[in-house]
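The values are calculated or read from the model by the stated rules, or taken from the named source; none is laboratory data. Treat the numbers as computed from the prediction; the structure is a model and nothing was measured. We place every Cβ from the backbone using ideal geometry, glycine too, and count neighbours over all the protein chains shown.
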Amino acid sequence: MSLKVGNLIYRGKAKDIYETDDPKKVIVKFRDSITAGDGEKKDEIELKGFYNSLISAKLFEVLEDAGVKTQYIKLITPGYMLSKRLKMIPLEIITRNIAAGSLVRRFPFKPGEEFKLPIVQMDYKSDEYKDPMLNDDIAIAFGLVNKEELKFIRKTTLKINEVLLDFLKSKGILLPDFKIEYGYDPDGNIVLGDEISPDTCRYWDIETCDVLDKDLFRKGETGVIKAYKKVASMILDKNDKKKWNVEI
Ligand code: UDP
């Protein structure tokens, strides 16, 4: 398979964005780099990009099928995703169903506590300011988004949460929390961008309660790639494996 990749536009912590012949489209390359603690802890884990691209592609397809607009066009080959070119909004939208991570470090929630209603939180995506938590007024005062856009983002995020919760539950996975990012597509619409992978979500095995996400890396535990592979094998069906020519 020949893959025509243009100039590098942007290099993030775990993905690279390349130009294509079409100015409205980019290729997202999922790298094996893994970071935690705002990039303080770094490593390379073989095949991480491969699994993250498959997991993200599958979840973008599930969301598109449910009517959520995303940047996703197709997975060209594992590791390389053809996407709409977006102008990203520097907000990390975090949705929480079960208390974990920074929420239990910063507030008196009990780890593992289930919320009656999902919590949607917004952080300002900025290494310089260390991703501080924002509220609507601060985001609007910054000029990051307007009131209507925030309303749309919240509504879409809650829908994404419902769709992902249902789908992952049917595959034996709990979704304590996840982070997503939005951007403007070439027509000016706000769509879901970035990735939805074990780097950006917490996934717990419903049966065993095993952690299947980046928390393993954050805590210095082994079995990171085994966990990512397990998520891919749990959510990809026969058709996906055939379509993307993978055996997991
Ligand atoms: N998250 C992320 N990028 C960030 C911060 C958080 O993808 O820069 C994800 C993280 O993987 C988790 C959720 O957002 O699924 C909530 O993270 P939390 O605020 O608990 O931070 P953590 O404890 O992971 O530092």
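Applying the condition of being in contact (Cβ under 8 Å) with a residue 12 or more places away in the chain and touching a helix residue (DSSP H, G or I) at 6+ places or on another chain (Cβ under 8 Å) to the stretch 101-112 and asking which residue is farthest from CYS201 (Cα to Cα) yields PRO111.
Within the stretch 99-117, identify whether any single residue is out of contact with any Phe, Trp or Tyr (no Cβ under 8 Å at 6 or more places or on another chain) and crowded, with 18+ Cβ neighbours inside 10 Å, and answer yes or no. The answer is yes; a qualifying residue exists. From the list ASP199, ASP213, ASP237, the one residue that fits, being surrounded by fewer than 16 Cβ atoms within 10 Å (Cβ to Cβ) and over 21 Å from LYS155 (Cα atoms), is ASP237. Remark: ALA100 falls outside the filter, which requires a residue to be closer than 25 Å to ILE225 by Cβ and part of a helix (DSSP H, G or I).
When restricted to residues that are within 26 Å of PHE50 (Cα to Cα) and over 16 Å from the mean Cα position of the chain (by Cα), the stretch 85-100 contains 2. Within the option set TYR129, TYR182, TYR124, being aromatic (Phe, Trp, Tyr) and touching an Asp or Glu at 6+ places or on another chain (Cβ under 7 Å) holds for one residue only, TYR124.
Among the strands (runs of 3 or more DSSP E) confined wholly to the stretch 1-90, which include 3 or more residues that are free of Cβ contacts under 8 Å to residues at least 40 places away in the same chain and surrounded by 14 or more Cβ atoms within 10 Å (Cβ to Cβ)?
Hits in the stretch 1-90: 15-19.
Scanning the stretch 103-125 for residues that are polar (S, T, N, Q) and either modelled with pLDDT under 95 or in a helix (DSSP H, G or I) (or both) gives no hits.
Pick from THR156, THR222, THR208: which is hydroxyl-bearing (Ser, Thr, Tyr) and closer than 26 Å to ASP137 by Cα? Spell out the reasoning first.
Working: THR222 fails: closer than 26 Å to ASP137 by Cα; THR208 fails: closer than 26 Å to ASP137 by Cα.
Exactly one residue qualifies, and that residue is THR156.
Listed here are the residues, each with its yes/no results for (1) closer than 28 Å to ILE138 by Cα; (2) modelled with pLDDT of 95 or more.
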{"position": "LYS4", "(1), (2)": "no, no"}
{"position": "PRO23", "(1), (2)": "no, yes"}
{"position": "PHE50", "(1), (2)": "no, yes"}
{"position": "ALA57", "(1), (2)": "no, yes"}
{"position": "ALA66", "(1), (2)": "no, yes"}
{"position": "LYS69", "(1), (2)": "yes, yes"}
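Of the residues ALA99, ALA141, the single one that is within 11 Å of the ligand (Cβ to nearest atom) and of a type in the set (Gly, Ala, Ser) is ALA99. Hey, can you tell me all the residues within the stretch 113-137 that are free of Cβ contacts under 8 Å to residues at least 12 places away in the same chain and more than 16 Å from the ligand (Cβ to nearest atom)? Residues satisfying the conditions are LYS116, LEU117, ASP137. Does LYS179 satisfy being within 26 Å of GLU113 (Cα to Cα), within 17 Å of the chain's Cα centre (by Cα) and either within 12 Å of the ligand (Cβ to nearest atom) or crowded, with 18+ Cβ neighbours inside 10 Å (or both)? Yes; evaluated as a whole, the condition is true for this residue. Kindly indicate whether ILE196 is modelled with pLDDT under 95 and closer than 21 Å to ASP32 by Cβ. Spelling it out, it is not the case that ILE196 is modelled with pLDDT under 95 and closer than 21 Å to ASP32 by Cβ.
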